[in-house]
Amino acid sequence: MCNNNLPVDRPNVEQKSKEDLKKMLDNIGVNTDGSKEILKKQAVEANLPISYLNTEKTISGYIGKSKGAAQIAYEQGFLPKEGFLANGKKGTFKGTETKDPLTGIKMIYRSTGVIFLLKECHNFLVKKTQLM
């Protein structure tokens, strides 16, 4: 089954401005008095475009791009979409970092790290990365 809603790189669709609509309607001899909504209706009736593709503002997708560790952990069921673990801590790449207020020593809880979670997964124990 084909999914046409996959996020691929595509130009942003934008509505034409009131000035652009006026220019188009003036060129074909249509009255251009009124609000933008009226001008849109007149343009549609005259088979004129009311939107355009802005290629300067591209909406990026993820097809053909590398996945991050958090995305893989989400797909494997380790993290919910919000990124929090069952203990309420935020899942991070290496682990949650806290600083002792008295000593100033930083502690990293590796069990909250996405890398730790993926290392425990059987799927990734036998696979080599592209860098190996």
Quiz item: Of the cross-linked pairs LYS81/LYS119; LYS16/LYS67; LYS67/LYS94; LYS67/LYS119; LYS67/LYS99, which ones have a Cα-Cα span greater than 25 Å in the structure shown?
Solution: LYS16/LYS67; LYS67/LYS99
Self-check item: ASP20, ASP33, reordered so the largest accessible area comes first (probe 1.4 Å)
Solution: ASP33, ASP20
Quiz item: How much solvent-accessible surface does PHE84 expose, in Å² to the nearest 10, with a 1.4 Å probe and all protein chains in place?
Solution: 100
Quiz item: Could you state the number of Å between the C-alpha centres of region 22-38 and region 92-116?
Solution: 62
Quiz item: What ranking, highest mean first, results for peptides 96-102, 41-47, 71-77 when packing means the other Cβ atoms within 10 Å averaged over each residue?
Solution: 71-77, 41-47, 96-102
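The values are calculated or read from the model by the stated rules, or taken from the named source; none is laboratory data. All figures in this text were calculated on a predicted structure; none of them were measured in a lab. Using ideal geometry, Cβ is built from the backbone for each residue, glycine included, and neighbour counts are taken over all protein chains shown. Remember, those area values only see protein heavy atoms, side chains included, never the ligands or the DNA or RNA. Shrake-Rupley method; radii C 1.70, N 1.55, O 1.52, S 1.80 Å.
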